[in-house]
Structure formats: C-alpha cells, structure tokens
Amino acid sequence: MSKVQINSKLPDLPVSIFTHMSQLAAEHGAINLGQGFPDFPMDARLQDLVYKAMRDGFNQYAHSNGYPLLREVIAEKIKTLYGNPVSPDTEITITPGGTYAISNALTAVLRPGDEVLFFEPCFDSYIPNIEITGAKAVPVPLDFPSYAIPWEKVRQAINPKTRMIMLNSPNNPTGTILTRADLQELKHLVRDTNILILSDEVYEHLVFDGEKHLSILSEPELFERSFVAFSLGKVFHCTGWKTGYSVAPAYLMKEFRNHHQFNVFSVGSTLQVGMAQYLQDPEVYLSLPAFFQKKRDFFLSELRTPFLKPLPCRGSYFQCFTFEAGTGDFDLAEKLTSETGVATIPVSAFYRDRTDNRVLRVCFAKKEETLSQAADHLNRADYSKLK
C-alpha cells in the first residue's frame with residue numbers, strides 16, 4: 001500500500017533531547033536529573049482545593065479567556081509585584097501551559113517572511129514554533145561562559161524583516177536572569193520600530209541570592225509591544241496539569257484570543273478554580289525562591305567532584321556545569337547515564353548548530369534524597385574512563 005505524499009512542515013526535526021535522555025535513563029535505571037519536573041509532591045492544599053472544585057460542580061467548560069476569579073487574582077499579583085495594573089478582562093488569558101502561551105502568541109502575529117530573533121542556548125520548542133508559522137528563526141548566541149546578551153550582535157541582526165525578539169528570564173537552560181541594563185538596551189533597540197517582544201517568564205518566582213525578577217511587565221514601554229508567558233504548573237510542582245497564562249496589552253491579546261478560541265477554547269475548569277483560591281495567599285509564591293535556592297545549594301554542597309565546575313545559577317531550577325576537554329557534552333551525558341547512573345542534558349542540544357562548549361544541565365527540583373544519591377554517583381565516577 002502506497003503512502004499519501006505530504007510536505008512536512010518540520011522535516012528536519014530531531015527527537016527531543018528530553019525524550020532521548022529520559023529513555024536512556026529508564027533503560028539504565030539512572031537517576032533522571034535531565035527533564036525539568038519535580039519528584040516531590042505538590043502542596044496538598046492545592047490538591048484539596050481542586051478536589052473541592054470538582055465536587056462543587058466546576059466540571060464543564062470554563063470561559064475561553066479563563067475563570068474570572070483566577071484572572072483577577074493574577075492581575076492583583078502582577079500589580080503588587082510589577083506595578084502594572086493589567087486588566088483581567090482584556091489582558092490576561094489562561095492557557096494549557098507556558099509552551100502553549102508561547103506558541104499561540106507566535107501563531108497569532110507571525111507571517112511567512114517575518115524574522116524572529118532569539119537567544120541560544122534556548123528551550124527546544126522555540127525554533128519549531130517559529131518555523132511552523134512560515135517565519136524565519138534567527139539565533140543570536142549568548143556570550144559564553146557568562147551567557148550575557150551580546151546587544152551589539154542583536155543590533156547587527158535586526159533588519160526590516162525583524163518582527164519579534166524572544167527573551168527568556170530566568171533562563172532555561174543557563175539559569176541567568178535579565179538585568180536592568182538589559183531592559184534599557186531592549187527599550188532603546190525597539191523604540192520607534194514595529195518589533196514585538198515575546199518574554200518567556202515561566203520561572204518568574206525562582207530567582208535566588210536576593211536578586212529580583214525583572215519582568216517585561218514592570219516596564220510600560222516594553223509591555224505595550226509584548227506577550228509574556230507564565231506557567232503555574234512549573235512553579236507549583238504540578239507540571240502535568242499544563243496550566244499557565246499569557247499577559248499582553250489588549251490589542252495584542254485580542255489577536256491571541258482569536259486563535260486561542262479555535263485551538264483549545266478553554267483550560268480545565270477545576271484546575272483554574274483551585275488555583276484561584278490557592279493564589280489568594282501570596283506566601284505560596286513568595287516562599288518559592290528560598291525553597292528552590294535551598295535545593296540548589298544542597299546539591300552543590302553534596303557534589304564534590306572537581307571534574308564538574310558549576311556556572312552561576314541565578315534563577316530557574318537548572319544548574320549548569322562545565323567540564324574538562326576530552327569529550328563532547330552529548331557523549332559525556334550518555335556515558336554518565338549508562339556508566340554512573342545519572343542522567344543530565346547536554347547544553348549543545350539547545351543550539352541549532354549544536355555548539356558544544358562542554359556544558360551539562362541538571363535539574364535540582366528534586367527531593368534531597370534524590371539529589372544526595374545523584375551527587376554520590378557523580379562523586380564516585382571514574383572520569384578518566386569517560387573522557
């Protein structure tokens with residue numbers, strides 16, 4: 001039987017590095033510090049609130065824009081944290097996760113021939129989400145090893161086709177965060193242009209060492225041309241719930257909702273009702289920086305091998321390590337999984353051209369028992385045989 005011929009929209013898409021390393025971890029019974037999900041339970045209070053919502057009858061479609069009370073609570077949080085009085089009615093939409101909030105924004109405004117600047121290393125959904133719209137993905141490598149934004153190179157990459165600049169802070173995979181100087185550079189760069197901004201801020205509450213998350217929402221001049229994506233599942237340890245939200249000025253949110261209504265239409269009502277109640281206690285998100293910093297610091301204190309050298313991690317729940325020359329990061333990640341029983345992610349996978357600076361990423365959103373066991377495996381490894 002002959003197959004129907006199609007022209008693939010993503011013909012060269014490789015198997016996700018997360019799928020590959022997770023499968024390898026399963027094959028070898030390795031501790032999986034690769035994929036970004038917690039192995040500890042979420043807050044029982046949030047579970048109970050969702051159970052209650054289900055029992056109370058919130059089991060039919062929610063409003064396409066999101067459960068009104070949840071949008072109101074999020075608007076209040078944004079006003080308190082970032083000084084931006086966004087409208088819950090016209091500027092916030094609840095989404096099935098942060099990745100959807102990104103992809104739907106791209107779909108809503110990009111056309112074939114547009115160009116989107118983004119920074120590498122980057123989360124692996126960015127490029128396919130750009131290209132499926134017919135737009136061109138234009139990478140700008142971050143400076144290594146600081147992973148700072150090279151603003152002069154950004155200026156050189158901009159041309160009349162540039163439609164959008166994508167940002168991610170706190171950054172996955174590098175753990176870096178935007179600075180006040182970065183926001184000033186961005187303002188100067190896009191002022192008096194038609195360039196839009198898409199800011200991925202799914203780890204907004206995971207910022208460490210007394211630093212502050214500098215959201216695009218805190219800069220009125222930037223917000224007026226921006227989509228900002230957030231994740232409730234990431235920060236509240238329930239990634240499988242796939243619940244997030246998008247924030248944008250009303251004229252952009254109108255375009256976002258035009259596509260959203262014919263895509264998923266709405267997000268699970270019980271989850272939204274439970275989240276709306278949960279978020280009314282600010283401590284549930286204000287306590288997150290200390291919670292995750294403790295895990296980062298614990299893992300670094302347990303890991304004593306000089307072979308893996310930590311890079312600064314100022315946010316997210318990912319820690320990057322450089323290592324001595326001798327092998328590539330992909331090969332080392334595979335060998336660590338099969339021979340030491342710890343799965344990591346090679347950061348070269350976050351570059352289109354597979355730039356290999358010999359960096360591995362680990363997720364420290366794990367129980368202390370898991371982190372201690374993984375560190376012990378890595379400490380006892382014979383790295384002379386792995387190079």
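Given the residues I177, I165, I127, I149, which is the only one that is part of a loop (DSSP other than H, G, I, E, B) and touching a residue at least 40 places away in the same chain (Cβ under 8 Å)? Even if it seems obvious, please write down each step before you answer.
Numbers: I165 fails: part of a loop (DSSP other than H, G, I, E, B); I127 fails: part of a loop (DSSP other than H, G, I, E, B); I149 fails: touching a residue at least 40 places away in the same chain (Cβ under 8 Å).
The unique qualifying residue is I177.
Residues of region 46-79 being farther than 18 Å from F236 by Cβ and polar (S, T, N, Q), which ones?
Passing the criteria: N59, Q60, S64, N65.
For I165, all conditions in the list (1) in contact with a strand residue (DSSP E or B) (Cβ under 6 Å, 6 or more places away or on another chain); (2) surrounded by fewer than 20 Cβ atoms within 10 Å (Cβ to Cβ); (3) closer than 23 Å to N194 by Cβ hold save one; what is the number of the exception?
(2)
Please enumerate the residues belonging to region 1-26 that are in contact (Cβ under 8 Å) with a residue 40 or more places away in the chain and among the charged types (D, E, K, R).
Step one: filter region 1-26 for residues in contact (Cβ under 8 Å) with a residue 40 or more places away in the chain, giving 9-10, 13, 16-18, 21-22, 24-25.
The one that is in contact (Cβ under 8 Å) with a residue 40 or more places away in the chain and among the charged types (D, E, K, R): K9.
I'm trying to understand the selection: among the residues of region 305-332, which are under 26 Å from the mean Cα position of the chain (by Cα) and among the aliphatic types (A, V, I, L, M)?
Taking region 305-332 and keeping what is under 26 Å from the mean Cα position of the chain (by Cα), we get 308-323, 328-332.
Matches in region 305-332: L308, L311, L332.
Among the residues of region 206-229 satisfying the criterion of being within 19 Å of the chain's Cα centre (by Cα) and without any contact (Cβ under 8 Å) to a residue 40 or more places away in the chain, which is surrounded by the most Cβ atoms within 10 Å (Cβ to Cβ)?
V228
Given the structure, is T193 surrounded by fewer than 24 Cβ atoms within 10 Å (Cβ to Cβ), assigned to a loop (DSSP other than H, G, I, E, B) and either assigned by TED's automatic domain parsing to the domain that holds N65 or not aromatic (F, W, Y) (or both)?
On the way: surrounded by fewer than 24 Cβ atoms within 10 Å (Cβ to Cβ): yes; assigned to a loop (DSSP other than H, G, I, E, B): yes; either assigned by TED's automatic domain parsing to the domain that holds N65 or not aromatic (F, W, Y) (or both): yes.
Here the answer is yes, as T193 does meet what is asked.
Pick out, from region 270-387, the helices (runs of 4 or more DSSP H) lying fully within it that include 1 or more residues that are more than 30 Å from F58 (Cβ to Cβ). Working first, answer last.
Values: elements: 283-286, 288-302, 329-335, 368-380.
By residue number, 288-302, 329-335, 368-380.
Scanning for something surrounded by 13 or more Cβ atoms within 10 Å (Cβ to Cβ), out of contact with any Asp or Glu (no Cβ under 9 Å at 6 or more places or on another chain), more than 24 Å from A276 (Cα to Cα) and of a type in the set (A, V, I, L, M, F, W, C), does region 37-60 turn up at least one residue?
There is no residue in region 37-60 that is surrounded by 13 or more Cβ atoms within 10 Å (Cβ to Cβ), out of contact with any Asp or Glu (no Cβ under 9 Å at 6 or more places or on another chain), more than 24 Å from A276 (Cα to Cα) and of a type in the set (A, V, I, L, M, F, W, C).
Test K335 against the stated conditions and say whether it is in contact (Cβ under 8 Å) with a residue 24 or more places away in the chain, buried (at least 16 other Cβ atoms within 10 Å of the Cβ), outside the structural domain of E120 (by TED's automatic domain parsing) and over 24 Å from the mean Cα position of the chain (by Cα). Lay out the reasoning, then the answer.
Details: in contact (Cβ under 8 Å) with a residue 24 or more places away in the chain: yes; buried (at least 16 other Cβ atoms within 10 Å of the Cβ): yes; outside the structural domain of E120 (by TED's automatic domain parsing): yes; over 24 Å from the mean Cα position of the chain (by Cα): yes.
The answer is yes for K335.
Does Y203 satisfy the condition of being touching a His at 6+ places or on another chain (Cβ under 9 Å), part of a helix (DSSP H, G or I) and touching a residue at least 12 places away in the same chain (Cβ under 8 Å)?
Values: touching a His at 6+ places or on another chain (Cβ under 9 Å): yes; part of a helix (DSSP H, G or I): no; touching a residue at least 12 places away in the same chain (Cβ under 8 Å): yes.
In short, no.
A137 versus (1) in contact with a Phe, Trp or Tyr (Cβ under 7 Å, 6 or more places away or on another chain); (2) surrounded by fewer than 20 Cβ atoms within 10 Å (Cβ to Cβ); (3) small (G, A, S); (4) in a helix (DSSP H, G or I): which is the lone unmet condition?
Here A137 clears every test but (4).
For region 310-332, which residues satisfy the criterion of being within 19 Å of A365 (Cα to Cα) and free of Cβ contacts under 8 Å to residues at least 40 places away in the same chain? Give the steps one after another, and end with the answer.
The initial filter retains those residues of region 310-332 that are within 19 Å of A365 (Cα to Cα), namely 310-321.
Result: P310, single match.
Mind checking which residues of region 364-387 are crowded, with 16+ Cβ neighbours inside 10 Å and either in contact with a His (Cβ under 8 Å, 6 or more places away or on another chain) or without any contact (Cβ under 8 Å) to a residue 24 or more places away in the chain (or both)?
The answer is A365, and nothing else.
If F262 satisfies all but one of (1) among the hydrophobic types (A, V, I, L, M, F, W, C); (2) in contact (Cβ under 8 Å) with a residue 60 or more places away in the chain; (3) surrounded by fewer than 18 Cβ atoms within 10 Å (Cβ to Cβ), what's the number of the condition it fails?
Going through the list (1) among the hydrophobic types (A, V, I, L, M, F, W, C); (2) in contact (Cβ under 8 Å) with a residue 60 or more places away in the chain; (3) surrounded by fewer than 18 Cβ atoms within 10 Å (Cβ to Cβ), F262 breaks only (2).
Rundown of residues vs (1) in contact with a Cys (Cβ under 6 Å, 6 or more places away or on another chain); (2) at pLDDT 95 or above; (3) outside the structural domain of F318 (by TED's automatic domain parsing); (4) over 30 Å from F299 (Cβ atoms), yes/no style:
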| position | (1), (2), (3), (4) |
| --- | --- |
| M1 | no, no, yes, yes |
| D12 | no, no, yes, yes |
| F58 | no, yes, yes, yes |
| A62 | no, yes, yes, yes |
| Y67 | no, yes, yes, yes |
| E72 | no, yes, yes, yes |
| P96 | no, yes, yes, yes |
| A101 | no, yes, yes, no |
| A108 | no, yes, yes, yes |
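The values are calculated or read from the model by the stated rules, or taken from the named source; none is laboratory data. All values derive from a computational prediction rather than experimental measurement. When we count neighbours, we look across all protein chains shown, and the Cβ atoms used for this are built from the backbone with ideal geometry, even at glycine.
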